[in-house]
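The values are calculated or read from the model by the stated rules, or taken from the named source; none is laboratory data. These numbers were taken from a predicted model, which means no experiment stands behind them. Don't worry about glycine lacking a Cβ; one is built from the backbone with ideal geometry, like all the others, and counts go over all protein chains shown.
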Amino acid sequence: MTRELRVVGTSVPRDDAIDKVTGAARYTTDLALPGMLHATILTSPHASARIVGVDLTDARSVPGVRAVLAGSDLDVRLGLYLRDKRILARDVVRYQGEPVAAVAADTLDVAREACRRIRVEYEELPAVFDPRDAMAAGAPLVHPDLAGYDHMRGVFFPRPGTNVAHHQKIRKGDAPASLAAADVRLEASFYNPPVQHVPMETHASIAQALPEDRVEIWTSSQSPYTVRHLLSVCLGLPHAAIRVHVPYVGGGFGGKAGLGLEPLATVLSRAAGGRPVLVSATREEEFNTMPSRQGLHSTIKIGSTCDGRITALEATYVWDAGAYADYGVNVGRAAAYSGAGPYAIEHCSIDSYVVYTNKVYGTAYRGFGHLEVLWGIERVMDQMARKLGLDPAEFRRRNLLKEGDTTITGEPFTAGHGKPVECLDAVAKAIGWGRPPAAASDPRKVRGKGIAMLHKAPAMPTYTSCAVVIKLDEDGAADVLVSGVDYGQGTYTVLRQIAAEELCLPIGKVHITWECDTALTPYDWQTVASRFSYMGGNAVIEAAADCLRQVRAVAAQALGVAPETIVCEDELAFPAAEPGRAIAYKDLALGYTFPNGNAIGGPIIGHGRFIATGLTHLNPETGQGRPAQFWTYGAHAVEIEVDTETGEIEILHIATAVDAGKVLNPLSCTGQVIGGVVQGLGSTLHEGFQFDDKGQLLNPSFVDYKIPTAKDLPRRMTPIFLENPQPGGPYGARGVAEHPMISVPSAIGNALADALGIDYTVLPLSPERVLLGIQKKDKTP
Amino acid sequence: MPSELTLLEFLRNRLYLTGTKEGCGIGECGACTVLLDEKPVTACLVLAVEVDGCIVETVEGEATGGQLSVLQRAFVETGAVQCGFCTPGMIMSARGLLRRNPNPSDEEIVEAMAGNLCRCTGYEAILAAVRRAAAAVRPAVGPLAGEVGLADGRSLRGAVPKRDPEKGGRR
């Protein structure tokens, strides 16, 4: 049955925006529990050292101090995919900024004072900072005990005795032979530095230890149930002993997936006799101590026929995991199975190594490794096109995945995957691809155009699931309960729209609960991977259908007709043939009462669920298998102007096309594209960690680590959505939240090559780097 | 009052006005922007004792009588809010601008908002919201297009703008 959509596909404004523009929205650090203590952490000044001794005596003597802990008090290992991390460093420190000890006190000032009085004696150990050095024989081992670490078996393959936390292989066809036989070959290497997520709200958690080893937590997290599960596993508690609340969250971008400061807040509260404890990262700790995006060294070789058919691709990806890889291993895995770009390549070999170093550790970050690998892949595509004398868009067009092709893990590409080529054509048209750029505004400036493809699928366990509950209220309105978190991306508004559509309610009568609570809101794995509107949306459809089944059953009994004759429209249930005998939802929501007082039915509560289906683990030797519930494809095209005297790049126009399957909310989707593109500009032009030769992070503040401001916007941004439906997606929709950020660097790098004839390989494309490239080129005869 | 207490701490911890957020504590992100005698300041860099005798305005004072201000409504309707953590500071910077210059140019809007960091929205919708609010309060232009009554402060929930096929970046 097809019917005109009323709410889905329209620009419903966010309901939470009202709390947010008035200051009423409460985030974790806005909560104050009675007797709440404030915690501070003492971090390691060394990148690699043995902890010889920790003296907490002086700290404990400060009046107002309620708990002081060091790693020696806590024999626990934490992790999602690989349990390699301590709550506080124990025996050794592995990065500068690693928490070594912590204090909970009546006030933050007292806690800081006590922290200053903790004395730690270190003995410096050899350190390794470059993951390529860390892979060499004889490199210092960041985790000599790797063999003993628990991990997700059959999916991740740590190599004990080395610094390799995971090695993901992809083997399709015979890449070495095909490469050797190729008409044209090309090899290039690239680098992405580690960067920070920079949510405007730093990590913060409150925990209160309760009797019988129970704990209640309020946390700025993307993952209420994963926090509960991992705490349960790591602390050896039953799940029901842990209750996790997630209030409003001030941005996440992946950095608040998995575990954050919850374990530390928990052990501090226990040590403080059950007083609630707030642990909130300072901005400096957000840079220095909390996880970042992994750095990546890539080397890519491709072979092509003379007429521009890619015959083979070999890639080596060496990820700079930093000191812990509990999440980074999955970035290395996901970026490998996407690691050849959205192209049909018969012969492909990829080795993706996630490698420990003595630096702040990596985790999920919007795009999950794809911005990084596509920085190399999409630059190589341009270089190969140039070598072949082909237009870069045309070269891509000849190689993009289309119906009948298979991906590099052997997944058949179908019409339901969407149309990458339409994305390419749309952005090319939008910026006038093929026409030379207009003359620059100044003789010292030059212009160029660039294009780049993007793709990504949710990286998640094969059995990822979620549930939704919908309750009908006394007034016939609906309350939607979920545990996916809307930390800004807009998924709750979309879920409200879907519920309104399915329940035949006006949007104003569908409410969603803006606090997740593992004791009350139903299960969701965690809100990552651009999967929640897809999975949660499907679960809402099922929950709404469950509600309406109950509505129809009660209405049918009340009217003395068969349930299948009842239709629901405009908050009314009535027999299809007799619209005059309608009963309002509000008279059914809690049960129906006959005129004589007899009642039937009862409160209507619908339940819906969704689980990923058809996914397989990848073959450990070949990487073949089905890793993706769905893929989202897209493209960017840019026109830039470069100042050859300052090295500054101005983005004149960036067009971004995403095959969304179905745009559920144009306002939200546009917000994701614009926000993602500008975040991508940060990775392209400004951002990157800088370390000294002792592994000290040199730019852990907004003074030295610049993210884009309102002054840094492109002159023009054009979001374009394609709607080739996704089978199995709610209304045909796919996830689009991460994607706009991916390949922004590649498109701009390609435009820079067009403008200057220089192939930059290292991000960010800062004025300094651009200028050095220009000077080097000028010196080269 | 302790002399080292910042205005930000005073607002949040003593007056429980938690709408004003701390994003960095060193005056670089603008999340704690409030108006001090009508001028935007970052409350983390102002000592509470310094504001004796001054008028301090926070985001909590922006809506009056349960009604969102035109500026707040513009933020809601243009999609200028995502995670919302920067929003109070953005609102106060914009309010400061519109107070001293009710008819700002695009450049003046960018200049006024450039000290407030946002990681979600890419700023475009925020700048559009400020433009829209400025246009709406200019007497010649009249009320905000598509204005919705907000008598209970939340009735915007019912507002579904009609889809405009020319907009939204559709094919």
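One line per residue, one yes/no per condition, for (1) crowded, with 19+ Cβ neighbours inside 10 Å; (2) in a strand (DSSP E or B); (3) within 12 Å of chain B (Cβ to nearest Cβ):
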| residue | (1), (2), (3) |
| --- | --- |
| A:Gly614 | no, no, no |
| A:Asn619 | no, no, no |
| A:Ala635 | yes, yes, no |
| A:Val642 | yes, yes, no |
| A:Thr646 | no, no, no |
| A:Glu650 | no, yes, no |
| A:His653 | no, yes, no |
| A:Val658 | yes, yes, yes |
| A:Val677 | yes, no, yes |
Being touching a Leu at 6+ places or on another chain (Cβ under 8 Å) and either crowded, with 20+ Cβ neighbours inside 10 Å or of a type outside the set (D, E, K, R) (or both): is that true of B:Leu68 here? yes
Residue check: is B:Val81 outside the structural domain of B:Glu22 (by TED's automatic domain parsing), in contact with a Ser or Thr (Cβ under 6 Å, 6 or more places away or on another chain) and surrounded by 20 or more Cβ atoms within 10 Å (Cβ to Cβ)? yes
Subset of the range A:467-502 (residues that are part of a loop (DSSP other than H, G, I, E, B) and hydrophobic (A, V, I, L, M, F, W, C)): A:Ala477, A:Val482, A:Val485
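Given B:Glu77, B:Glu28, which one is over 18 Å from A:Thr709 (Cα atoms), acidic (Asp, Glu) and at pLDDT 95 or above? If you could, list the steps in order and put the result at the bottom.
Numbers: B:Glu28 fails: over 18 Å from A:Thr709 (Cα atoms).
Being over 18 Å from A:Thr709 (Cα atoms), acidic (Asp, Glu) and at pLDDT 95 or above holds for just one of B:Glu77, B:Glu28, which is B:Glu77.
Would you point out which residue out of A:Arg243, A:Arg228 is surrounded by 22 or more Cβ atoms within 10 Å (Cβ to Cβ), more than 14 Å from chain B (Cβ to nearest Cβ), closer than 18 Å to A:Asp517 by Cα and in contact (Cβ under 8 Å) with a residue 60 or more places away in the chain?
Values: A:Arg243 fails: surrounded by 22 or more Cβ atoms within 10 Å (Cβ to Cβ).
Answer to the check: A:Arg228.
Condition first: surrounded by fewer than 20 Cβ atoms within 10 Å (Cβ to Cβ) and farther than 30 Å from A:Gln96 by Cβ. Now tell me which residues in the range A:302-326 satisfy that. I'd like the intermediate steps shown before the answer.
In the first step, residues of the range A:302-326 are kept if they are surrounded by fewer than 20 Cβ atoms within 10 Å (Cβ to Cβ); the result is A:305-307, A:309, A:316.
Within the range A:302-326, A:Thr305, A:Cys306, A:Asp307, A:Arg309 meet the criteria.
Among the residues of the range A:684-696, are any among the small types (Gly, Ala, Ser) and facing chain B (nearest Cβ under 10 Å)?
Keep residues of the range A:684-696 that are among the small types (Gly, Ala, Ser), which gives A:688, A:695.
Next cut, facing chain B (nearest Cβ under 10 Å) only: none.
No; the residues of the range A:684-696 include none that is among the small types (Gly, Ala, Ser) and facing chain B (nearest Cβ under 10 Å).
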Within the range B:27-59, the count of residues that are at the interface with chain A (Cβ under 7 Å from one of its Cβ atoms) and of a type in the set (Gly, Ala, Ser) comes to 1
In the range B:1-26, which residue that is within 11 Å of chain A (Cβ to nearest Cβ), among the hydrophobic types (A, V, I, L, M, F, W, C) and crowded, with 17+ Cβ neighbours inside 10 Å is nearest to B:Ala114 (Cα to Cα)? B:Cys24
If you take the residues of the range B:99-117 that are at the interface with chain A (Cβ under 7 Å from one of its Cβ atoms) and under 18 Å from B:Cys24 (Cβ atoms), which of them is nearest to the chain's Cα centre (by Cα)? B:Met113
Six or more apart or on different chains, Cβ atoms under 7 Å: show the pairs whose first residue is in the range A:718-729 and away from chain B (no Cβ under 14 Å) and whose second is among the hydrophobic types (A, V, I, L, M, F, W, C). A:Gln726/A:Phe630; A:Gln726/A:Ala733; A:Gly729/A:Phe630
Taking the conditions exactly as written (in a loop (DSSP other than H, G, I, E, B) and farther than 27 Å from A:Asp130 by Cα), does A:Pro764 satisfy them or not? no
Does the range A:32-43 contain any residue that is of a type in the set (S, T, N, Q) and within 23 Å of A:Ala101 (Cα to Cα)? yes
Scan (1) of a type outside the set (Ser, Thr, Tyr); (2) surrounded by 17 or more Cβ atoms within 10 Å (Cβ to Cβ); (3) over 21 Å from the mean Cα position of the chain (by Cα) for the single condition A:Ala529 breaks and write down its number. (3)
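Has the range A:93-113 got any residue that is among the hydrophobic types (A, V, I, L, M, F, W, C), in the same structural domain as A:Val54 (by TED's automatic domain parsing), within 16 Å of A:Leu259 (Cβ to Cβ) and buried (at least 18 other Cβ atoms within 10 Å of the Cβ)? Talk me through it step by step, then tell me what you get.
Applying the first criterion (among the hydrophobic types (A, V, I, L, M, F, W, C)) to the range A:93-113 yields A:93, A:100-105, A:108, A:110-111.
Still in the running and in the same structural domain as A:Val54 (by TED's automatic domain parsing): A:93, A:100-105, A:108, A:110-111.
If we keep only those that are within 16 Å of A:Leu259 (Cβ to Cβ) too, we end up with A:102.
With buried (at least 18 other Cβ atoms within 10 Å of the Cβ) added as a condition, the list becomes A:102.
So far as the range A:93-113 goes, yes, one or more of its residues are among the hydrophobic types (A, V, I, L, M, F, W, C), in the same structural domain as A:Val54 (by TED's automatic domain parsing), within 16 Å of A:Leu259 (Cβ to Cβ) and buried (at least 18 other Cβ atoms within 10 Å of the Cβ).
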Scan of the range A:697-717 for residues that are facing chain B (nearest Cβ under 8 Å) and not in a loop (DSSP other than H, G, I, E, B), ordered by number: A:Ala710, A:Lys711, A:Met717
Looking at (1) more than 30 Å from A:Val494 (Cα to Cα); (2) free of Cβ contacts under 8 Å to residues at least 40 places away in the same chain; (3) surrounded by 21 or more Cβ atoms within 10 Å (Cβ to Cβ), which one does B:Thr33 not meet, given that it meets all the others? (2)
Just the residues that are out of contact with any helix residue (DSSP H, G or I) (no Cβ under 9 Å at 6 or more places or on another chain) and not in a helix (DSSP H, G or I), please, taken from the range A:540-584. A:Gly560, A:Asp570, A:Ala584
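Filter the range A:679-702 for residues that are among the charged types (D, E, K, R) and either more than 18 Å from the chain's Cα centre (by Cα) or surrounded by fewer than 23 Cβ atoms within 10 Å (Cβ to Cβ) (or both); which is farthest from A:His653 (Cα to Cα)? Walk me through it before giving the result.
So the first thing to find is which residues in the range A:679-702 are among the charged types (D, E, K, R), and the list is A:687, A:692-694.
Subset that is either more than 18 Å from the chain's Cα centre (by Cα) or surrounded by fewer than 23 Cβ atoms within 10 Å (Cβ to Cβ) (or both): A:692-694.
Values: A:Asp692: 36, A:Asp693: 39, A:Lys694: 41 Å.
Per the stated criteria, the residue is A:Lys694.
Can you say whether A:Gly35 is assigned to a loop (DSSP other than H, G, I, E, B), over 30 Å from A:Leu125 (Cα atoms) and within 14 Å of another protein chain (Cβ to nearest Cβ), as far as the supplied structure shows? Working first, answer last.
Working: assigned to a loop (DSSP other than H, G, I, E, B): yes; over 30 Å from A:Leu125 (Cα atoms): yes; within 14 Å of another protein chain (Cβ to nearest Cβ): no.
So A:Gly35 does not fit the description; no.
Given the options A:Ile87, A:Ile18, name the one that is free of Cβ contacts under 8 Å to residues at least 12 places away in the same chain and either within 14 Å of chain B (Cβ to nearest Cβ) or within 26 Å of the chain's Cα centre (by Cα) (or both).
On the way: A:Ile87 fails: free of Cβ contacts under 8 Å to residues at least 12 places away in the same chain.
Answer to the check: A:Ile18.
Restricting attention to the range A:243-279, which residues are of a type in the set (Phe, Trp, Tyr) and not in a strand (DSSP E or B)?
Residues of the range A:243-279 of a type in the set (Phe, Trp, Tyr): A:248, A:253.
If the condition is that a residue be of a type in the set (Phe, Trp, Tyr) and not in a strand (DSSP E or B), then A:Phe253 is the only one that fits.
Taking the range A:43-93, which residues are under 22 Å from A:Ser223 (Cβ atoms) and basic (Lys, Arg)? Let's see the steps before the verdict.
Start the filter on the range A:43-93 by keeping residues that are under 22 Å from A:Ser223 (Cβ atoms), which leaves A:74, A:76-88.
Within the range A:43-93, A:Arg77, A:Arg83, A:Lys85, A:Arg86 qualify.
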The correct count of residues that are more than 28 Å from the chain's Cα centre (by Cα) and within 9 Å of chain B (Cβ to nearest Cβ) in the range A:494-516 is 4
Of (1) farther than 30 Å from A:Thr493 by Cβ; (2) of a type in the set (S, T, N, Q); (3) assigned to a loop (DSSP other than H, G, I, E, B), A:Ser72 satisfies every one except (3)
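Would you say A:Tyr705 is within 29 Å of A:Gly490 (Cβ to Cβ), among the aromatic types (Phe, Trp, Tyr) and buried (at least 24 other Cβ atoms within 10 Å of the Cβ)? Don't jump to the end; show me each part of the working.
Numbers: within 29 Å of A:Gly490 (Cβ to Cβ): yes; among the aromatic types (Phe, Trp, Tyr): yes; buried (at least 24 other Cβ atoms within 10 Å of the Cβ): no.
Considered against the rule, which asks whether it is within 29 Å of A:Gly490 (Cβ to Cβ), among the aromatic types (Phe, Trp, Tyr) and buried (at least 24 other Cβ atoms within 10 Å of the Cβ), A:Tyr705 comes out as no.
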Are there helices (runs of 4 or more DSSP H) fully within the range A:324-415 with at least 2 residues that are of a type in the set (D, E, K, R)? List them. A:370-388, A:392-399
Starting from residues that are more than 8 Å from chain A (Cβ to nearest Cβ) and not in a helix (DSSP H, G or I), keep the ones in the range B:60-79 and report whichever is farthest from A:Gly250 (Cα to Cα). B:Gly65
